[in-house]
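Have a look at the structure below, then the notes.
The values are calculated or read from the model by the stated rules, or taken from the named source; none is laboratory data. The structure displayed is predicted, hence computed values, not measured ones. Quick reminder, even Gly has a Cβ in these numbers, built from the backbone with ideal geometry, and neighbours come from all protein chains shown. Each accessible area value is taken on the protein alone, full model and side chains, heavy atoms only, with ligands, DNA and RNA left out. Shrake-Rupley method; radii C 1.70, N 1.55, O 1.52, S 1.80 Å.
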Amino acid sequence: LQPKLEQWTGLDLPEIGQATQQGDEPVDSADTSSQQRPAAPSGTSQPTDSSFALQEIREDVFQSPAGLLYTPSRQEHRIQHVMRHASDDLDRPVHGVFDGNSQAEVLSVLDEAWQMIQADHPGVQQEPGEFGRTEYTIDMPDRIGFVGGQQGARQNQPGTNRLTLILDGNRVITAYPDWPPRH
């Protein structure tokens, strides 16, 4: 499983059991910023953080503890897509960036938001999205990230507690810190 995960995430995973070699190029080699992030899930229920673990329920389909699903897309895996928002991108005019330093920290924010959605929390706004998807705007209880990109750099990277989460049922399409923060 490790070579396959390395192939579709472009990450060098820590050795598990016997040494393995990395497979071919990552699925999307155009952007390597996410390749510097911590390791992708091992595909088992072993935690990648002390309190967060993804479980592979089918080949390349991972489920979070709260029940969110992360699946492959045509260009890259949805985990990799979300993790593009774990580091700033100054080539973009505006870019929401998570504060988390690891994949587990970032994805646990999405789990917290999903639990707020399921509980009909008053800080959740829901709108229909394209292709039958649902777009949620969630006012998280604490800061989750900052405004990055060129605009964020000009504004000294203001923090935000607002999250945009786009889902197809419980399947994650994308998620990123949004602004302006609401209180």
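So, Gly96, is that one open to solvent by 30 Å² or more (accessible area, probe 1.4 Å) and either small (Gly, Ala, Ser) or more than 16 Å from the chain's Cα centre (by Cα) (or both) or not?
So Gly96 does not fit the description; no.
I'd like the residue in the stretch 151-167 that is without any contact (Cβ under 8 Å) to a residue 60 or more places away in the chain and in a helix (DSSP H, G or I) and, out of all such residues, is surrounded by the most Cβ atoms within 10 Å (Cβ to Cβ).
Top of the filtered list is Gln151.
Looking at the stretch 50-61, which of the residues that are in a loop (DSSP other than H, G, I, E, B) and not charged (D, E, K, R) is surrounded by the most Cβ atoms within 10 Å (Cβ to Cβ)?
Looking only at the stretch 50-61, we keep the residues that are in a loop (DSSP other than H, G, I, E, B), and these are 50-54, 59-60.
Next, only the ones that are not charged (D, E, K, R) stay: 50-54.
Numbers: Ser50: 7, Ser51: 8, Phe52: 19, Ala53: 19, Leu54: 25.
Here the residue is Leu54.
Could you grab me the full set of residues in the stretch 118-150 that are of a type in the set (A, V, I, L, M) and more than 10 Å from Leu165 (Cα to Cα)?
Once the filter is applied, which keeps residues that are of a type in the set (A, V, I, L, M) and more than 10 Å from Leu165 (Cα to Cα), the stretch 118-150 yields Ala119, Val124, Met140, Ile144, Val147.
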